[in-house]
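Below you'll find the structure, written out as C-alpha cells, and then a few comments.
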C-alpha cells in the first residue's frame, strides 16, 4: 500500500471506468490524487476519501488544463484517461465526429503533457501514462475507424515523448486495453442495440465473444498496470504500449 507513497498524481476522466479505478488504486498505494472529470457528479464518492481531491476539468479546454498545471506544480504522475469511442467506418464518420475524436483522444493528451511536463523535468522525475487501446496500430477492430486512428496516434505520441525525455528522468508509457467493463461500454451497448435492431443480449455477447478469454476485462485490471507504470518499479520502462487485452491481439 506504499508503492506510490510521496507521489502526486493527476488523473483525467476519473469519474468512472478506468479513470476512476486508477484514481482509487493510486490513492490506495499512497499517492495524493487529483481526480478530475468534466461531470463533477461522477466524482461523488471519491471526494473526501483519504488521499483524493476532486475538481472539474474539461479535457477539451486548453486554458483549464494550463490553469490546473499552474495550480498543481508538484505532479509526479500524469494519467490521461479521457476519451471518446466512435462506432462506425470511414463512411459513417462525419467531419465533426473526426474532430471530436482527435480533440478528446489525442489533443487533450498533447495539452496535459505539455502543461505538466516542465515541472517534471525541473525535478528530474515523472511518469506519464496514456490510455490507448488494442484497437490502434496494434490491431484493427470493426467499426472503430476514427477511434483506432486516434489510439494509434496516442501510441506514436507516447513513444515520441518517451524518446525525447529519456535522459531527463521522465518516462511515458501507454496502456492498451481490450474490451473493459465500464458504464460507457454499457451505454455503447444500449445505443448499438437500438441502432442495429439486435437485442441488448446479442450486442453484449458480441463484445464478450471477441475476447479470447470469454469475458470482459475489469477497470481494476487496467488500474493495476497503471500503478506499475506510475511506480518506481517500472523505472527502466518507457515508450511501451502495454497490452492488457485478454489475448485479443494474439
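The values are calculated or read from the model by the stated rules, or taken from the named source; none is laboratory data. Because the structure is predicted, anything quoted here is derived from the model rather than measured. Counting neighbours? That spans all protein chains shown, and the Cβs are built from the backbone with ideal geometry, glycine included.
Just one of the listed residues (137, 133) is in contact with a helix residue (DSSP H, G or I) (Cβ under 6 Å, 6 or more places away or on another chain), under 22 Å from residue 187 (Cβ atoms) and part of a loop (DSSP other than H, G, I, E, B), and it is 133. Without any contact (Cβ under 8 Å) to a residue 60 or more places away in the chain, in a loop (DSSP other than H, G, I, E, B), surrounded by fewer than 21 Cβ atoms within 10 Å (Cβ to Cβ) and out of contact with any strand residue (DSSP E or B) (no Cβ under 7 Å at 6 or more places or on another chain): is that true of residue 91 in this structure? Taking the combined requirement at face value, the residue satisfies it.
Every condition in (1) under 30 Å from residue 141 (Cα atoms); (2) more than 14 Å from the chain's Cα centre (by Cα); (3) at pLDDT 95 or above is met by residue 87 except one, and the failing one is (3).
Residues that are touching a helix residue (DSSP H, G or I) at 6+ places or on another chain (Cβ under 7 Å), surrounded by fewer than 21 Cβ atoms within 10 Å (Cβ to Cβ) and not in a helix (DSSP H, G or I): does the range 99-112 have at least one? No: the range 99-112 contains no residue that is touching a helix residue (DSSP H, G or I) at 6+ places or on another chain (Cβ under 7 Å), surrounded by fewer than 21 Cβ atoms within 10 Å (Cβ to Cβ) and not in a helix (DSSP H, G or I). The set of residues in the range 16-33 being in contact with a strand residue (DSSP E or B) (Cβ under 6 Å, 6 or more places away or on another chain) and surrounded by fewer than 24 Cβ atoms within 10 Å (Cβ to Cβ) consists of 27, 32.
Determine if the range 2-10 includes at least one residue that is under 14 Å from the mean Cα position of the chain (by Cα), closer than 21 Å to residue 175 by Cβ, in contact (Cβ under 8 Å) with a residue 60 or more places away in the chain and part of a helix (DSSP H, G or I). Within the range 2-10 (the criterion being under 14 Å from the mean Cα position of the chain (by Cα), closer than 21 Å to residue 175 by Cβ, in contact (Cβ under 8 Å) with a residue 60 or more places away in the chain and part of a helix (DSSP H, G or I)), the answer is no, since none of the residues qualifies.
The rows are residues; the columns are (1) in contact (Cβ under 8 Å) with a residue 40 or more places away in the chain; (2) surrounded by 13 or more Cβ atoms within 10 Å (Cβ to Cβ).
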residue: 135; (1), (2): no, yes
residue: 159; (1), (2): yes, yes
residue: 169; (1), (2): yes, yes
residue: 173; (1), (2): yes, yes
residue: 184; (1), (2): yes, yes
residue: 197; (1), (2): no, no
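Taking the range 206-224 as the region of interest, how many residues are in contact with a helix residue (DSSP H, G or I) (Cβ under 9 Å, 6 or more places away or on another chain) and within 30 Å of residue 76 (Cα to Cα)? The number of residues fulfilling the criteria is 7. Scanning the range 74-88 for residues that are more than 27 Å from residue 173 (Cβ to Cβ) and outside any loop (DSSP other than H, G, I, E, B) yields one hit, 88. Among residues of the range 13-64 being part of a loop (DSSP other than H, G, I, E, B), touching a helix residue (DSSP H, G or I) at 6+ places or on another chain (Cβ under 7 Å) and in contact (Cβ under 8 Å) with a residue 60 or more places away in the chain, the one that is farthest from residue 132 (Cα to Cα) is 29. Scanning the range 60-78 for any residue that is surrounded by 17 or more Cβ atoms within 10 Å (Cβ to Cβ), out of contact with any strand residue (DSSP E or B) (no Cβ under 7 Å at 6 or more places or on another chain), closer than 26 Å to residue 181 by Cβ and at pLDDT 95 or above turns up nothing.
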